[in-house]
Each structure stands twice: as C-alpha cells, then as structure tokens.
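This report concerns only the one structure given below.
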Amino acid sequence: MSTHQLQPHTYYHLYNRAHGNEQLFKEQENYRFFLSRWAKYVEPIASTYAYCLMPNHIHFLIRTRDEEQLLAFFKRENHLLSKAMSQQLGNLFNSYTKAFNKRYDRMGSLWMRPFKAKEIDSEEYLRNVIFYIHHNPIHHGFRQRIEDWPHSSFQALITKGKTKVMREAVHRCYGSKAELRRFHEQVIGPLRPLEDELT
C-alpha cells in the first residue's frame, strides 16, 4: 500500500531497509539511538507491538492511535491525518540519517524510499507477522534462537521488565504468554516473505 494512506486505529507491518550494501547499524549504540528516535517520532502516533532491528533492515508491528489522539497531536484536519502520519515516519528516518551521517562522516540517503507499510487485516495475520518479525535473526543466520538476538521485542514480551511494547496486548493475540512462546518455538523451514520486496 502507499505510505500516504495510513489510517487511524489500524495495525501495520512497517518495514524499511538500507540502500544497497549499506549498514543501518554499525555498533551497539546505533541500535539504542534508533529506538530513542522511534520513541520521539512514532510513539505519539502509534503503539508498538513488535519489532526487530537487523544490521541492514528493520521491522515493526504498530497500531496507529485513534483519530481523536492523532487530531490532538497534529492539530490538523481529519483529511490530513494520513499525510501527517507518513511525514512523522519520514521525520524519523531523516533524523536518524542525519545523526548517522555526522557520526560516520558520510553523505547522502541511508534508507530506501518510501518505507513500506502493510495493513494487518486479521488476527491470524497479526500472529504470523509478529512471529515473522522475531524470526528474522534466525532466518538471516545471526542467531540460532530467537531469544538470543538483543535487538528485538521478544525478550520484552516474555519477561516482566519495563517496556513500551504492548506486552499484554500481544499476549492476548496468542491467548497467553505461554502460547506466545509455544508459537515462536515451532520448527519451520526458511521464512517466506510476507510482503513484496521484504528482506
């Protein structure tokens, strides 16, 4: 779908990747900094249900906030909300690029444009996207177990530590935390892309 058609109170699988062979995250601090930018730009417009940061691409499952909250944040007319949400996400990527370029003395764009946002239209699809997101480090050969990748929401979902991820809501998607773990521990073959041009 076009990134300019985001709607209030809707689930989306949001994803983006680096240009060519570029790396989005060169060191641990980069991951932390990106999540701080995410908190600044995205939390006002959407709740985060799952995420995974990979060296050259990212995945997030979000639910945009309801119309009343968005109108209060943007102070815009209703028909401009979709464009405003897309601009807010664009601001996230631009902010990270500027800091990254300054840190590594580089120039030019870092991300593919535009970012992708696929609407989630069923509970089954929602559960499968969450699994897909968390399974990325295994799929790309970075880890053998989902829980060993430090740059995803999986640990936040199975522990009791402080988190901004919608932990209880995700548990309800599967029925319980135990069912979430069981679903994620299933043995499958190589991941099949859920979306066009998905990495």
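Quick notes
- From the list 163, 159, the lone residue that is under 30 Å from residue 8 (Cα atoms), under 18 Å from the mean Cα position of the chain (by Cα) and of a type in the set (Val, Ile, Thr) is 163.
- In segment 134-164, the residues that are charged (D, E, K, R) and either in a helix (DSSP H, G or I) or open to solvent by less than 20 Å² (accessible area, probe 1.4 Å) (or both): 147, 148
- Among the candidates 35, 81, 24, 61, the residue that is touching a Phe, Trp or Tyr at 6+ places or on another chain (Cβ under 7 Å), under 21 Å from residue 136 (Cβ atoms) and either touching a residue at least 12 places away in the same chain (Cβ under 8 Å) or part of a helix (DSSP H, G or I) (or both) is uniquely 61.
- Residue check for residue 59: closer than 24 Å to residue 181 by Cβ, in contact with a helix residue (DSSP H, G or I) (Cβ under 7 Å, 6 or more places away or on another chain) and at pLDDT below 95: no
- Scanning segment 7-21 for residues that are within 20 Å of residue 85 (Cβ to Cβ), in contact (Cβ under 8 Å) with a residue 60 or more places away in the chain and over 15 Å from the mean Cα position of the chain (by Cα) turns up 7, 8.
- Meets criteria (in contact (Cβ under 8 Å) with a residue 24 or more places away in the chain, more than 20 Å from the chain's Cα centre (by Cα) and either surrounded by 13 or more Cβ atoms within 10 Å (Cβ to Cβ) or not in a helix (DSSP H, G or I) (or both)) for residue 73: yes
- Those residues of segment 100-133 which are open to solvent by 70 Å² or more (accessible area, probe 1.4 Å), over 17 Å from the mean Cα position of the chain (by Cα) and under 26 Å from residue 149 (Cβ atoms), in sequence order: 103, 123, 124
The values are calculated or read from the model by the stated rules, or taken from the named source; none is laboratory data. Computed from a predicted model, the values in this text were never measured in an experiment. All Cβ positions, glycine included, derive from the backbone under ideal geometry; neighbour counts span all protein chains shown. For the accessible areas, the whole protein counts, side chains as well, though only heavy atoms, and no ligand, DNA or RNA atoms are used. Shrake-Rupley method; radii C 1.70, N 1.55, O 1.52, S 1.80 Å.
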